[in-house]
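Notes follow the structure.
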Amino acid sequence: MSSYLNEKLESIYQEVLHRNPGETEFHQAVREVLESLGPVLVKYPEFADQKIIQRLCEPERQVIFRVPWQDDRGQIHINRAFRVEFNSALGPYKGGMRFHPSVYLGIIKFLGFEQIFKNALTGMPIGGGKGGSDFDPKGKSDGEIMRFCQSMMTELYRYLGEYTDVPAGDIGVGQREIGYLFGQYKRITNRYESGVFTGKGLDWGGSRARKEATGYGTVFFLDEMFKVRGDSLEGKTCVVSGSGNVAIYAIEKITSLGAKVVACSDSNGVIVDKDGIDLALLKQIKEVERRRISAYVQEKKSATYMEGGNIWTVPCQIALPCATQNELNGKDAKILVDQGCIAVAEGANMPTTPEGIHVFQRAGIAYAPGKAANAGGVATSALEMQQNASRDLWSFEYTEKRLQEIMVDIHRNCYETAEEFGASGNYVVGANIGGFLKVASAMVAMGVI
Ligand code: GLU
């Protein structure tokens, strides 16, 4: 399935395919944005004259490097790491690091590309970038993780800086990894540069509510979509894919707003708990013990575990994909809609395939793309940078309030932009155009660079 692109945008897309062979996720992310931009070029022809889209599709800088490290038995391993510094029109490159065996250049570029528009939507002064490695943190000891992070930073440090490029976490990278990366950066540079990393620990420059921010933000956005439709989250049944940081805090927030989450998952399987997911137990298993979610059913007999199961077959009114890219396809979307799903908000990056998005849009359900709905994480990273710059630490309540205001603003911007460009209720169009306009105007202002 692919929608129509006008002649100019089609030729830009063909050029992207030609210049970046094999990077399928990057192609998908670019195509989704280009599909929204037709009416923008009609209204603002200067963006075409200035070749803004072509410039946006070419990262400002891409770094690929070797990361050798030794495991606990003394065996040497070689991984590959990336940092793609995509666009700095609005601020220093900003975006997470992902550690996962599936990582290659095409994944980091899709994430970096989406990050440009997401970061622009937050209204904070941050550009777009992303990094990561094909290193698999699963089953590794703390010592192995530390040695890997130190080896990676020994090369990466030279590209970073609080005014240059500010990484954070993503899949496989949480506070433990940020600690090892930041520690090695501090050691090599001899600078306590708090603002060079976000997602830090509270004792060493982190922000309150950063850990919760992506999941909370997704639910704040969802809540706004319900309000627009004259409805609320109260009493709704929900499924949340994943069981990492984003999923856990999406479950926490949506539960506190009166919905019931009956299923979550990891890459091995799905747990279904008709009583509602026991959040304390889930946190204990995932955050403290770092175990697989299959452990949940050993503790809670009312729950069932489906090894290799498909979470989208569990009936629900709200679906929150919070695991990874392309985890929800056209067939899954059809099952969701047929079983009464009325809203989808993406906590993960690009979790729904183009076919799946099409199904949701045709059905007219509320659908929020990740670059809008999961922007709360990076927005709170920008709040962390703000606290670092003023050597301050805000309260949880204040930080969460700022996060909520930002999500309400993003929702309003997406909603009004879609309306303005003749696509009422289409948050994909609203997010793509809303983000694009901010970056494009800044790029025009700064000349041909
Ligand atoms: N990895 C997150 C994202 O996809 C957060 C990035 C950040 O905080 O810089 O937006």
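The values are calculated or read from the model by the stated rules, or taken from the named source; none is laboratory data. Note that this is a predicted model, so its numbers are computed, not measured. Using ideal geometry, Cβ is built from the backbone for each residue, glycine included, and neighbour counts are taken over all protein chains shown.
The set of residues in the stretch 162-177 that are surrounded by fewer than 24 Cβ atoms within 10 Å (Cβ to Cβ) and either more than 22 Å from the chain's Cα centre (by Cα) or not small (Gly, Ala, Ser) (or both) comprises Glu162, Tyr163, Thr164, Asp165, Gln175, Arg176, Glu177.
Under the condition of being farther than 20 Å from Lys138 by Cβ, of a type in the set (D, E, K, R) and loosely packed, with under 13 Cβ neighbours inside 10 Å, the residues counted in the stretch 279-318 number 2. Can you confirm whether the stretch 388-398 contains a residue that is within 24 Å of Val166 (Cα to Cα), in a helix (DSSP H, G or I) and either among the polar types (S, T, N, Q) or in contact with a His (Cβ under 7 Å, 6 or more places away or on another chain) (or both)? Yes - at least one qualifying residue is present in the stretch 388-398. For the residues Gly201, Gly276, Gly235, Gly205, the requirement of being surrounded by fewer than 20 Cβ atoms within 10 Å (Cβ to Cβ) and within 16 Å of the ligand (Cβ to nearest atom) singles out Gly201.
Rundown of residues vs (1) in contact with an Asp or Glu (Cβ under 9 Å, 6 or more places away or on another chain); (2) in contact (Cβ under 8 Å) with a residue 60 or more places away in the chain; (3) of a type in the set (S, T, N, Q), yes/no style:
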residue	(1), (2), (3)
Phe360	no, no, no
Ser381	no, yes, yes
Asp392	no, no, no
His411	yes, yes, no
Glu420	no, no, no
Ala431	no, yes, no
Val448	no, yes, no
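Within the stretch 249-273, being assigned to a helix (DSSP H, G or I) and either surrounded by 24 or more Cβ atoms within 10 Å (Cβ to Cβ) or touching a Phe, Trp or Tyr at 6+ places or on another chain (Cβ under 9 Å) (or both) holds for Tyr249, Ala250, Ile251, Glu252, Lys253, Ile254. Could you tell me whether the stretch 207-224 includes any residue that is part of a loop (DSSP other than H, G, I, E, B), touching a strand residue (DSSP E or B) at 6+ places or on another chain (Cβ under 6 Å) and modelled with pLDDT of 95 or more? Among the residues of the stretch 207-224, not one is part of a loop (DSSP other than H, G, I, E, B), touching a strand residue (DSSP E or B) at 6+ places or on another chain (Cβ under 6 Å) and modelled with pLDDT of 95 or more, which makes the answer no.
Can we say Lys227 is without any contact (Cβ under 8 Å) to a residue 24 or more places away in the chain and closer than 22 Å to Ile251 by Cβ? Yes. Within the group Glu384, Glu355, which residue is of a type in the set (Asp, Glu), within 12 Å of the ligand (Cβ to nearest atom) and either outside any strand (DSSP E or B) or closer than 14 Å to Ile318 by Cα (or both)? It is Glu384. Residue selection: Arg31 satisfies the criterion of being surrounded by fewer than 20 Cβ atoms within 10 Å (Cβ to Cβ) and among the basic types (Lys, Arg).
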